[in-house]
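The values are calculated or read from the model by the stated rules, or taken from the named source; none is laboratory data. Small disclaimer: the values here were computed from a predicted structure and weren't measured. With ideal geometry, Cβ positions are generated from the backbone for all residues, glycine too; neighbour counts draw on all protein chains shown.
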Amino acid sequence: MSETKIEPTVPRLMRQLVPLAMSDVIMALGDPLQISTVSRLGNPKASLAAMGVVKALANFLESPIIMILQTSTALSGDRRARHCLARFVLILALLCSGTFLALNLPGIYEWVYLKVFGATPEIAAAARPAMLWMVFWPAFIAWRRYYQGIMIRNKQGRWLGWASIGRLTAFATLLGIGFWQQGAGPAVAARALIGGLLAEALLAQFFAYRSGSVASFASQEDPKLPQTLPQLKNYYLPLASTMVVVWGGRAMLVAVVARAVDGPLALASWPAAWNFLLLVANCTRMVQQLIIAHVREVRFETLMRFAAVAGAWASALMVLLAFSGAGGRVLLGLLGNQQELYATALPVLRIGCLLPLLVALQNACQGFCIVAGKNWRIQQATMASLLTTLVVTFGLAESGVSGTVSAIWGMMLGLLAEVLVLATGANGARSLYKPSDEPDL
């Protein structure tokens, strides 16, 4: 097949990305809505800081199951491998949610908040109700991602967007009720997060059955895929450990921000600024799933071009938002029109304009490493990213730089280091392309 015939697949891949990206963007919309609501309830600075720590812990305890989506996408075409994965997901979900419950025990809770994160007693007290609600977070995430992967495998990704709309609707409704009742900010936010996630998990399972994805198998038993729990554990361990390192590092990042010269202020404003960036960057995360699904029928160069185009468009949007004033106005609104918080958050948007491009390249290279069986290269890249992020952030914070500015420079340079390491393993996927196959796009 000639290169000219392959070239049109880039816009076709972009069209496939839209419904998948919508799922991630709708999911990311929850954080700005949450921050905007909490900032308008009682004691906003302490409440925002409390939710920043709660979400850091929730993301860390969710981290072992984040790669369930990629694993489900890769394995769900095989009947025996999928059934094994279902049992594995159940065990992992119970372990993660059980650990979250243990963190709420007296003594352990105070140690985590006051000693590990360096939070004030006021912030620790504000976070306690939210911590109890968020116990269900890891289990619901695992449930949702398992069925999402099955649908992506069967090219039914449009249903993910509808499930995400259901999540956002439930989330916004619960937030509105909490705001109307003028409840405590962290408790209102946590109830809405859990309610929205439950709605999405239920819809994901419903759509997976309705679309016929659950009943579809490419094979009964592929010996190249893990067929038993021990085999699946060995397959999944490098992927899970990668995410544990990523989110463990981000939890440590929050602890560093809390100890910066403007610690309490930075701790309150960092989640708003970072989640604003993620709202745009998340447009590119599903690049990885499309690469996994199409690596055997689309050339390596075309897929990389697709990732670069998706990332460039998202970064261009971020530049427009950060420097035109439109993004600043949205950010100010998210922070409840509190100028002090806004002043520390705006530089994050401007420094982080290239984050969406880096996220697209990161996910593309991760996808190639996964299909090439180089999962440990992902772990090595993650370690390089974590080390770079923490060293840069700590060094800048110790020199008197604002906590938010220190954190965004650390994240950007850490992500760049990760992409460079991943690129050394991505080339292994070139051999998977079969020139005789016509792209089915």
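Points worth noting:
- Flag for Val261 being in contact with a helix residue (DSSP H, G or I) (Cβ under 6 Å, 6 or more places away or on another chain) and not hydroxyl-bearing (Ser, Thr, Tyr): no
- Residue match in the range 233-249 (condition: within 18 Å of Ala130 (Cβ to Cβ) and buried (at least 16 other Cβ atoms within 10 Å of the Cβ)): yes
- When Ala139 is tested against (1) part of a helix (DSSP H, G or I); (2) surrounded by fewer than 21 Cβ atoms within 10 Å (Cβ to Cβ); (3) assigned by TED's automatic domain parsing to the domain that holds Ala204, exactly one condition is not met: (2).
- Among the candidates Ala343, Ala381, Ala322, Ala316, residue that is part of a helix (DSSP H, G or I), buried (at least 24 other Cβ atoms within 10 Å of the Cβ) and not acidic (Asp, Glu): Ala381
- Look at the range 227-238: where a residue is among the hydrophobic types (A, V, I, L, M, F, W, C) and a partner is part of a helix (DSSP H, G or I), sitting 6+ places away or on another chain with Cβ atoms under 7 Å, you get Leu229/Cys84; Leu229/Arg87; Leu229/Phe88; Leu232/Cys84; Leu232/Leu85; Leu232/Phe88.
For (1) out of contact with any strand residue (DSSP E or B) (no Cβ under 6 Å at 6 or more places or on another chain); (2) touching a residue at least 24 places away in the same chain (Cβ under 8 Å); (3) hydrophobic (A, V, I, L, M, F, W, C), each residue gets a yes or a no:
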position	(1), (2), (3)
Ile177	yes, no, yes
Gln182	yes, yes, no
Leu193	yes, yes, yes
Ala204	yes, yes, yes
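- Which listed residue is outside the structural domain of Val116 (by TED's automatic domain parsing), modelled with pLDDT of 80 or more and either under 30 Å from Thr169 (Cα atoms) or surrounded by fewer than 23 Cβ atoms within 10 Å (Cβ to Cβ) (or both), from Leu290, Leu197, Leu253: Leu290
- Residue in the range 331-351 that is in contact with a Ser or Thr (Cβ under 6 Å, 6 or more places away or on another chain), more than 23 Å from Gly410 (Cβ to Cβ) and outside the structural domain of Thr73 (by TED's automatic domain parsing) present: yes
- Consider the range 257-284 and keep the residues that are among the β-branched types (Val, Ile, Thr) and buried (at least 23 other Cβ atoms within 10 Å of the Cβ). The one that is nearest to Met304 (Cα to Cα) is Thr284.
- Close pairs (6 angstrom Cβ cut-off, 6 or more residues apart or separate chains): closer than 21 Å to Ala125 by Cα in the range 28-43, not hydrophobic (A, V, I, L, M, F, W, C) anywhere: Val38/Ser47; Val38/Gly185; Ser39/Gly336; Arg40/Gly336; Leu41/Gly185
- Listed by position, the helices (runs of 4 or more DSSP H) enclosed by the range 1-66 that each have at least 2 residues that are at pLDDT below 80 and out of contact with any strand residue (DSSP E or B) (no Cβ under 9 Å at 6 or more places or on another chain) are 3-6, 9-38.
- Residue within the range 102-118 that is farther than 20 Å from Ala266 by Cα, surrounded by fewer than 23 Cβ atoms within 10 Å (Cβ to Cβ) and touching a Phe, Trp or Tyr at 6+ places or on another chain (Cβ under 8 Å) present: yes
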